[in-house]
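**Q** One structure, pasted below without further comment.
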Amino acid sequence: MRIHNEDNERIKRSYMIYLQDAKGQDEKTIDKVLAAIRRFEESTKFKPFKAFHIDQARAFKAALAKAKNARTGQASDLFDGRCHSAVGEGILPLVGGATGLQIADHLS
């Protein structure tokens with residue numbers, strides 16, 4: 001089973017640098033964004049971001065909404081606003097392989 005995709009890793013690194021330098025995000029925020037993107041990658045079995053299809057995002061969103069906390073059995077907080085925002089803001093700019101200023105233009 002695949003555990004990463006080299007092209008995706010390069011894109012994520014570029015996005016991480018953008019979050020640090022252009023957006024001024026701290027390490028904890030960046031870690032949460034990268035964790036959310038990682039969960040999305042796991043759901044697609046690490047398909048390249050360039051092969052993105054809207055059905056992948058819809059399926060991922062549905063899985064987050066149904067997720068249960070393993071410890072408590074209650075509805076998971078994975079679908080709270082922060083995670084949903086991190087996934088949306090983290091994944092959408094990566095879809096076209098955008099980097100640097102292209103990401104900034106996409107998010108504004």
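**Q** I'm trying to understand the selection: among the residues of the range 1-13, which are touching a helix residue (DSSP H, G or I) at 6+ places or on another chain (Cβ under 8 Å) and part of a helix (DSSP H, G or I)?
**A** Asp7, Asn8, Ile11, Lys12, listed by residue number.
**Q** Let me ask another. Could you list, ordered by first residue, the pairs with Cβ atoms under 7 Å in which the first is in the range 55-83 and among the aliphatic types (A, V, I, L, M) and the second is modelled with pLDDT of 65 or more and exposed (fewer than 13 other Cβ atoms within 10 Å of the Cβ), at least 6 apart or interchain?
**A** Ala75/Lys68
**Q** State whether the residues of the range 100-107 include one that is at pLDDT 90 or above, on the phi < 0 side of the Ramachandran plot and crowded, with 17+ Cβ neighbours inside 10 Å.
**A** Within the range 100-107 (the criterion being at pLDDT 90 or above, on the phi < 0 side of the Ramachandran plot and crowded, with 17+ Cβ neighbours inside 10 Å), the answer is no, since none of the residues qualifies.
**Q** Now a separate question. Any residue in the range 34-54 that's at positive phi: show its pairings with residues that are at pLDDT 90 or above and part of a loop (DSSP other than H, G, I, E, B) at Cβ separation under 7 Å, as long as the two are six or more apart or on different chains.
**A** Phe46/Asn5
**Q** Going through Phe40, Phe46 one at a time, which residue ends up being of a type in the set (A, V, I, L, M, F, W, C), modelled with pLDDT of 90 or more and surrounded by 13 or more Cβ atoms within 10 Å (Cβ to Cβ)? Show your work before the answer.
**A** Numbers: Phe40 fails: modelled with pLDDT of 90 or more.
Selected residue: Phe46, the only one of Phe40, Phe46 that is of a type in the set (A, V, I, L, M, F, W, C), modelled with pLDDT of 90 or more and surrounded by 13 or more Cβ atoms within 10 Å (Cβ to Cβ).
**Q** Of the residues in the range 18-33, how many are surrounded by 14 or more Cβ atoms within 10 Å (Cβ to Cβ), outside any helix (DSSP H, G or I) and either on the phi > 0 side of the Ramachandran plot or touching a residue at least 40 places away in the same chain (Cβ under 8 Å) (or both)?
**A** 0
**Q** Same structure again: I'm checking my understanding of the structure. Among residues of the range 34-74 that are in a helix (DSSP H, G or I) and among the aromatic types (Phe, Trp, Tyr), which one is nearest to Asp7 (Cα to Cα)?
**A** Phe49
The values are calculated or read from the model by the stated rules, or taken from the named source; none is laboratory data. In this text, all values refer to a predicted model and were calculated from it rather than measured experimentally. Here Cβ is always computed from backbone atoms with ideal geometry, including for glycine, and neighbour counts include all displayed protein chains.
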